[in-house]
């Protein structure tokens, strides 16, 4: 973490970044983007392959309920980490457990859980609003680089390290379990174990990214760069690395451009808008390739 921070300061001192990055909170935001972008980009291809985009949205919306519960239980309003992670992890595990034991279509099941999370969060907001500034809840919904602290970066870094270790240890097995569960089982791969590990990882990454992107938009950053990469990639390797590249660029542009005054909107919205622009450009490029 400190290495990344020093790297950002070196870019500022070298004239690459504008003067505003001399301030610690903006440096923290850029460091968070450098951790979060590659992490979300690396997980995005599996989210697309496993069709879990709606699942990540549900977990993201559950973060609002987790924050409200944490505040009601006496945690700091700006960092209710225990309740936030506990609720979202239990939410994700329960959703996946019910999915494996029912014939209800997965999108309908996720919709039920998503509706429950939003309704519970809305009910708790009535009590939370009496205890905290409402802008704290707005930051949870839409993200705010002004609230990114060293603790948030540390949480992101720990989860990123865990994700990289899991990818290094079992990326090929996880991909095979996603594409062909029957074939994976014939090769001795525990498909259910990999499913639960991936669900847990998605929940962890989603919750850790809420501070920067916001609960409403974090699922989009898992989905859009990976979908963009899929449009123009020719093989699995390109699919993975282009997803990482697009996600990282979206995070960096979504933080640097608004703070430079060129796009006066929240960082979370800017990040997703840049990702969406990349998707449109990829569609145009794909269409042009087909014509050629």
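Scanning segment 182-233 for residues that are in contact with a helix residue (DSSP H, G or I) (Cβ under 7 Å, 6 or more places away or on another chain) and outside any helix (DSSP H, G or I) turns up 189, 209, 214, 215, 216, 217, 233.
Restricting attention to segment 71-103, the residues being exposed (fewer than 13 other Cβ atoms within 10 Å of the Cβ) and either at pLDDT below 85 or within 12 Å of residue 54 (Cβ to Cβ) (or both) number 7. One residue alone among 250, 243 is within 15 Å of residue 29 (Cβ to Cβ) and in a helix (DSSP H, G or I), and that residue is 250. Residues that are more than 17 Å from the chain's Cα centre (by Cα) and under 29 Å from residue 86 (Cα atoms) were ranked within segment 195-245; the one that is modelled with the highest pLDDT is 196.
Per-residue answers, yes or no, for (1) in a loop (DSSP other than H, G, I, E, B); (2) touching a helix residue (DSSP H, G or I) at 6+ places or on another chain (Cβ under 9 Å); (3) over 19 Å from residue 208 (Cβ atoms):
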site: 46; (1), (2), (3): no, yes, no
site: 68; (1), (2), (3): no, yes, no
site: 84; (1), (2), (3): no, yes, no
site: 92; (1), (2), (3): no, yes, no
site: 98; (1), (2), (3): no, yes, yes
site: 104; (1), (2), (3): yes, yes, yes
site: 111; (1), (2), (3): no, yes, yes
site: 120; (1), (2), (3): no, yes, yes
site: 126; (1), (2), (3): no, no, yes
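Return the residue satisfying two criteria in turn: it lies in segment 49-59 and is part of a helix (DSSP H, G or I) and under 13 Å from residue 199 (Cα atoms), and of such residues it is modelled with the lowest pLDDT. The selected residue is 53.
In segment 128-138, of all residues being outside any helix (DSSP H, G or I) and under 20 Å from residue 214 (Cβ atoms), the one that is modelled with the lowest pLDDT corresponds to 133. Quick check: is even one residue across segment 196-204 surrounded by 15 or more Cβ atoms within 10 Å (Cβ to Cβ), within 13 Å of residue 36 (Cα to Cα) and in contact (Cβ under 8 Å) with a residue 60 or more places away in the chain? Checking segment 196-204: at least one residue is surrounded by 15 or more Cβ atoms within 10 Å (Cβ to Cβ), within 13 Å of residue 36 (Cα to Cα) and in contact (Cβ under 8 Å) with a residue 60 or more places away in the chain. For segment 254-284, the set of residues classified as at pLDDT 85 or above and over 16 Å from residue 218 (Cα atoms) consists of 277, 278, 279, 280, 281, 282, 283, 284, listed by residue number.
Residue by residue, here is whether (1) under 30 Å from residue 30 (Cβ atoms); (2) modelled with pLDDT of 75 or more; (3) out of contact with any strand residue (DSSP E or B) (no Cβ under 9 Å at 6 or more places or on another chain); (4) surrounded by 14 or more Cβ atoms within 10 Å (Cβ to Cβ) holds:
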{"residue": "154", "(1), (2), (3), (4)": "yes, yes, yes, no"}
{"residue": "163", "(1), (2), (3), (4)": "yes, yes, yes, yes"}
{"residue": "168", "(1), (2), (3), (4)": "yes, yes, yes, no"}
{"residue": "172", "(1), (2), (3), (4)": "no, no, yes, no"}
{"residue": "176", "(1), (2), (3), (4)": "no, no, yes, yes"}
{"residue": "181", "(1), (2), (3), (4)": "no, no, yes, yes"}
{"residue": "188", "(1), (2), (3), (4)": "no, yes, yes, no"}
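Among residues of segment 161-175 that are on the phi > 0 side of the Ramachandran plot and outside any helix (DSSP H, G or I), none has a beta-carbon under 9 Å from a residue that is modelled with pLDDT of 80 or more and loosely packed, with under 15 Cβ neighbours inside 10 Å at least six positions away or on a different chain. Residue 63 fulfils the conditions (1) modelled with pLDDT of 80 or more; (2) buried (at least 23 other Cβ atoms within 10 Å of the Cβ); (3) more than 15 Å from residue 211 (Cα to Cα) except for a single criterion, (3).
The values are calculated or read from the model by the stated rules, or taken from the named source; none is laboratory data. Note that the structure is predicted; figures quoted are calculated from it, not measured. For neighbour counting, all protein chains shown are included, and Cβ atoms are generated from backbone atoms with ideal geometry for every residue, glycine included.
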